[in-house]
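A.B. asks: Handing you this structure, nothing more for now.
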Amino acid sequence: MRVAFFEDEHVANFSPIALLRPVFELVCGRFSLRERVVRLLDVADWGAFLRPELARCYTEEQPEAAVNDHAWLRRGTTLLINGRWLPSREVLERIQPEEVGLVDGEIAFLTLDPEEAVLFEGQDFSIAAARLARARRPVEAGGRMVRYPWELVDCNAAQLAADFRWRRENGDRSIFPAGRGDERESTGGKMDQSPHSQVAILGSPDDVFIHPTAQIDPFVVLDARRGPISIDAGAVIQPFTRIEGPCHIGCGSRLFRANVREGTTIGPNCRVGGEIEASILHGFVNKYHDGFLGHSYVCPWVNLGAMTTNSDLKNDYSPVSVPIDGETIDTGSTKVGCFIGDHSKTALGSLFNTGSTFGVMCMVLPAGELLPKYVPSFTRIWHGVPDDGLDLEAALETARTAMGRRDMRLTAAQEELLRHLHEQTQPDRDAAIARFREKFATV
């Protein structure tokens, strides 16, 4: 099967967490939207149609993909999938070529024949897909079409449970203790053999997956009574950590005396301590120290300093509004945290307001009070005041250092994208700083 993922006109709604990646690489559950489809279907060849500025980086990250390649569409029948769609396995397996799948009137999927590929050349991809959809039989696609970052967080617990069921159905039933090849049985809510007899599993052991290479130390509690828990290869869970399901801990991540509440995804190579609830840490996130993170999405290479804490509930329990791409959106939800773009850093004691967005490569110094709810990319917060004093060259060097600590490097393509984004977001920074100064002057 050939599959192509595409971004549509709503991609701006996912700022800041999609500024450096296509929307179908955002995480919900255990996987990104693209990873889930590739795993669920027998995909032999796949492509991606995304914003031009992302193309070079994405080609570097996914060399097997045909990126923005219209000639590739002419080589075979291709299933087109909207990158905002969270599908079920059952729907994916019964898609028919003559159908267009709709969710609340929006295109979730449709099949493109090779001779129809000419319709997409020189055209906006989502507009061309809408025209092609008129020649297909409409069906209800089911699943969820996400429209904003907080909807990924809202769907995360249910998606974690669905991903765990799929994993079990594919025969992955490992529940081995760290570094051992001998499977151990669990009785009475505890794993039996030393040195891990003091690792407690609450609920059914069938709802816990531990990769054979994961290290689970004594005095760890895995509470699967409200949902499944999966711990991937090379993860290290230190003593006095409690994990509530549904939850996923990614490859190589380390948890330090952490309290991980239900509905949380911790992606690969994170360092996590303190309290986390219903949040998505995309990967390569450092939250080593105490502090609360709730109902939030945090992008790679973010460092949250000691005691950095966010609010995810207003004192009057009213719905939370979130600033997205210059517009304030009423989420309709009372539990919404913060959304932090790649490479941003916070100093100790930083306090995030309910429903905050911080862009890419921001530098936050605390002021002993709540930070602004909206901070554009490449902005410095200096004693509570946003300014344009961030040194881009110094910030890029910091990124190189941070990535080097995880044996990664900032490539030329990634640096080019960051420089492009810095230039692209300058008007937004200027406007935000001017608004703040005007507000401050009237106080």
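A.B. asks: Rounded to the nearest 0.05, what FRET efficiency do Glu121 and Glu90 give with R0 = 30 Å and r taken as the Cβ-Cβ distance? Could you check?
C.D. replies: After rounding, the FRET efficiency stands at 0.30.
A.B. asks: Counting alpha carbon pairs within less than 8 Å and at least 6 residues apart, what relative contact order, in whole percent, applies to the chain?
C.D. replies: About 10 percent, as a whole number.
A.B. asks: What does the extension gain come out to for Val43 and Glu415, with contour length at 0.36 nm per residue minus their alpha carbon separation?
C.D. replies: 130.8 nm
A.B. asks: A follow-up question, please. If you take every DSSP beta bridge fully contained in the range 308-396, what fraction is antiparallel? Give it as a percent rounded to 5.
C.D. replies: Beta bridges within the range 308-396, antiparallel portion: roughly 40 percent.
A.B. asks: Along the Cα-to-C-beta direction of Asp69, a point sits 7 Å from the Cα; which residues of the range 1-22 have their amide N less than 14 Å from that point?
C.D. replies: Of the residues in the range 1-22, 2-5 have backbone N under 14 Å from the label point off Asp69.
A.B. asks: Another question about this same structure. Just grab the label-to-label distance for Ile433 and Thr328, each label 7 Å out from Cα along the Cβ direction, in nm (one decimal).
C.D. replies: Using points 7 Å along Cα→Cβ, the separation is 2.3 nm.
A.B. asks: Also, quick follow-up: Between Ala12 and Asp316, how many nm apart are label points set 7 Å from Cα along the C-beta direction?
C.D. replies: Using points 7 Å along Cα→Cβ, the separation is 3.0 nm.
A.B. asks: Can you list the HN-Hα couplings for the range 282-287, worked out from phi with the Karplus curve (6.51, -1.76, 1.60; θ = phi - 60°), rounded to whole Hz and with x for Gly and Pro?
C.D. replies: Coupling constants for the range 282-287: 4, x, 6, 9, 10, 10 Hz.
A.B. asks: I would also like to ask the following. Given the C-alpha atoms of the range 220-277, compute the convex hull and give its volume per residue in Å³.
C.D. replies: Normalising the Cα hull of the range 220-277 by residue number yields 55 Å³.
A.B. asks: Give me Rg/Rg_expected for the range 257-372, where Rg uses Cα atoms only and Rg_expected = 2.2 N^0.38 Å with N residues.
C.D. replies: With N residues counted in the range 257-372, Rg over 2.2 N^0.38 Å equals 0.97.
A.B. asks: Under the 0.36 nm per residue contour assumption, what length would be gained going from the current alpha-carbon distance of Glu35 and Asp113 to full extension?
C.D. replies: Taking 0.36 nm per residue and subtracting the Cα distance, the gain is 25.7 nm.
A.B. asks: Further question on the same structure: In the chain, what is the count of Lys pairs whose alpha carbons are under 28 Å apart, counting only pairs at least 8 residues apart or on separate chains?
C.D. replies: Counting lysine pairs in the chain gives 14.
A.B. asks: Can you tell me the length gained on complete extension of the stretch Gln198 to Arg257, counting 0.36 nm per residue apart and subtracting the Cα distance?
C.D. replies: 19.7 nm
A.B. asks: Jot down the radius of gyration and Dmax of the range 9-83, Cα atoms only, both in angstrom.
C.D. replies: 12.4, 35
A.B. asks: Also: Tell me, what HN-Hα J-couplings in whole Hz come from the Karplus equation 6.51 cos²θ - 1.76 cosθ + 1.60 at θ = phi - 60° for each residue of the range 5-12, using x for Gly and Pro?
C.D. replies: Values, residue by residue: 9, 9, 8, 10, 6, 8, 4, 5 Hz.
A.B. asks: A further question on this structure: Please identify the longest segment of the chain free of exposed chymotrypsin sites (Phe, Trp or Tyr not before Pro), where exposed means a DSSP state other than H, G, I, E or B and no more than 16 other Cβ atoms within 10 Å.
C.D. replies: Within the chain, the longest run free of exposed chymotrypsin sites (Phe, Trp or Tyr not before Pro) spans 1-218.
A.B. asks: Only loop residues by DSSP count here, and only those with at most 15 other Cβ atoms within 10 Å; note down the GluC sites (Glu not before Pro) in the range 94-143 that meet that.
C.D. replies: Glu98, Glu121
A.B. asks: Still on this structure, please answer the following. Please list, ordered by chain and number, the residues whose modelled amide H lies under 5 Å from the amide H of Phe209; skip anything fewer than 5 residues away on the same chain.
C.D. replies: Ile229, Ser230, Ile231
A.B. asks: Where does each of Leu110, Leu417, Leu281 land when they are ranked from fewest to most other beta-carbon atoms within 10 angstrom?
C.D. replies: Leu417, Leu110, Leu281
A.B. asks: Hey, can you grab everything whose amide H is under 5 Å from the amide H of Phe49? Only 5+ residues off in sequence or another chain; H modelled, so Pro and N-termini drop out.
C.D. replies: For Phe49, the qualifying residues are Phe5, Phe6, Glu7, Asn68.
A.B. asks: Also, quick follow-up: Using just the helices of the chain, give the 222 nm mean residue ellipticity in deg cm²/dmol: DSSP H runs with n ≥ 4 each add -39,500 (n - 2.57), and the total is spread over all residues, rounded to 500.
C.D. replies: Helix-only estimate at 222 nm: -6500 deg cm²/dmol.
A.B. asks: If you don't mind, another one. So how long is each side of the range 1-133 along the principal axes, counting just the alpha-carbon atoms, biggest first, in Å?
C.D. replies: That works out to 36, 33, 29 Å along the principal axes.
Here, each number is a calculation from the coordinates, and none is a lab measurement. All figures in this text were calculated on a predicted structure; none of them were measured in a lab. With ideal geometry, Cβ positions are generated from the backbone for all residues, glycine too; neighbour counts draw on all protein chains shown.
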